[in-house]
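This report concerns only the one structure given below.
The values are calculated or read from the model by the stated rules, or taken from the named source; none is laboratory data. Computed from a predicted structure; not experimentally measured. Cβ atoms come from the backbone with ideal geometry, glycine included; neighbour counts cover every protein chain shown. Note: accessible area is taken over every heavy atom of the protein model, side chains too, but ligands, DNA and RNA are not part of it. Shrake-Rupley method; radii C 1.70, N 1.55, O 1.52, S 1.80 Å.
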Amino acid sequence: MPPPPPAAPTPEPHPHLRPVPPVTPPLPGARLSARGLVKRFGPTTALAGVDLDVLPGESVAVMGPSGSGKSTLLHCLAGILVPDSGAVTLSGRGLHDLDERERSLVRRRQYGFVFQFGQLLAELPAVENVALAPMLLGTSRKEATELAARWLASLGLAGMEDRRPGELSGGQAQRVAVARALITGPEVVFADEPTGALDQATGTDVMRILTETTRLAGASLVVVTHDAGVAAWCDRRVEVRDGRVVADVRQQAAR
């Protein structure tokens, strides 16, 4: 009787169908936590079970090549995207248990944002770009404008309050964006490639200001970047590949 044929090898699961890792509990004391985040766009899995904790006052750089999932992670943490599964908690509150109106209020009150190109309103002077955030939360125009002017002065922009974005250098415009992100006293600031449109020297200056001011304000900072020089300014470096965290390293941040 001939021997039975050898068993066929077990095929390696397709990357998009690999099992999601088990969910671990959030880190005690974390201000922002993500657990088991999964996000798919059609057949593509952008996040495949991501866990992340950010402590109060901590700065975290999320790194990875284009298509790694880092921007999708930021958008889920910020409540802009709703994950297919998993949870994000901010100070113990489940972000995706909220409806869109409530998440919008969280983004206005408890989050600040700094984008690659600033995204300042071109028709408004610097002081009004910054004052707009507290005004949307009900602060009077006079009080918001005075507070905005103080923030601009603290970032080296005294005398530039009436300049429109087109009359500012790239670095000055990003300082305005930093002031706008911090004026409402957010718990977390998200920065998406904040130096991507700047030269190296200006980018270094912006990262110094961004990390220093968020730390002094007691806010946590999450920076998405592909630049190791930018990541060096943060307390931790988290690397994302194929929708998974592959490294989470604490480092001595540049000062």
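In cubic angstrom, how much convex hull volume per residue do the alpha carbon atoms of the chain span?
Cα-based convex hull of the chain, divided per residue, equals 160 Å³.
Using mean Cβ contacts within 10 Å as the protection proxy, how do 191-198, 242-249 order, highest first?
191-198, 242-249
Would you kindly state how much longer the chain becomes between Asp162 and His226 on full extension, computed as 0.36 nm times their sequence separation minus their alpha carbon distance, in nm to one decimal? Don't skip to the answer; put the middle values down first.
Working: separation 64, 0.36 × 64 = 23.04 nm, distance 3.38 nm.
Roughly 19.7 nm would be gained on extension.
Could you please report the charge total around Asp205, scoring K, R as +1 and D, E as -1 over all other residues with beta-carbon less than 13 angstrom from its beta-carbon?
0
What number comes out for accessible area per residue over region 29-250 if the probe is 1.4 Å? Units Å², please.
On a per-residue basis, region 29-250 sits at 42 Å².
When the chain is modelled as a GNM with alpha-carbon springs shorter than 10 Å, which of Leu98, Leu52, Leu32 fluctuates the most?
Evaluated over the chain, the most mobile residue of the options is Leu98.
Suppose we keep just the DSSP beta bridges with both residues in the chain; what percent of those would be antiparallel, to 5?
55
How much net charge surrounds Ala126 when only other residues with a Cβ under 10 Å from its Cβ are counted (Lys, Arg +1; Asp, Glu -1)?
On the way: positive: Arg163, Arg164, Arg175, Arg180; negative: Glu128, Glu161, Asp162, Glu167.
Summing Lys and Arg as +1 and Asp and Glu as -1 gives 0.
Got a number for carbon plus sulfur as a percent of region 123-255's accessible area, 1.4 Å probe?
Summing carbon and sulfur atoms, their accessible area is 50 percent of the total for region 123-255.
Per 0.36 nm of contour for each residue apart, how much would the distance between Ser91 and Glu143 grow if the chain were fully extended, relative to their Cα-Cα spacing? Walk me through the intermediate numbers first.
Numbers: separation 52, 0.36 × 52 = 18.72 nm, distance 2.82 nm.
Between Ser91 and Glu143, full extension yields 15.9 nm more.
At 0.36 nm per residue, and after removing the present C-alpha to C-alpha distance, how many nm does the segment from Asp99 to Gln252 gain when stretched out fully? Walk me through the numbers before you get to the answer.
On the way: separation 153, 0.36 × 153 = 55.08 nm, distance 3.87 nm.
The Asp99-Gln252 span can extend by a further 51.2 nm.
Given H placed 1.01 Å from N in the peptide plane, which residues other than close sequence neighbours of Gly112 have an amide H under 5 Å from its amide H?
Val188, Val189, Phe190
7 Å from Cα along Cα→Cβ at both Phe41 and Gln119: what's the point-to-point distance in nm?
Going by the 7 Å Cα→Cβ label model, 1.5 nm.
Can you give the calculated 222 nm mean residue ellipticity of the chain, where each DSSP H run of n ≥ 4 adds -39,500 (n - 2.57) and the sum is split over every residue, rounded to the nearest 500 deg cm²/dmol?
Helix-only estimate at 222 nm: -9500 deg cm²/dmol.
What residue among Pro165, Pro134, Pro65 shows peak mean-square fluctuation when the chain is described by a Gaussian network model with Cα springs under 10 Å?
Among Pro165, Pro134, Pro65, the largest GNM mean-square fluctuation belongs to Pro65.
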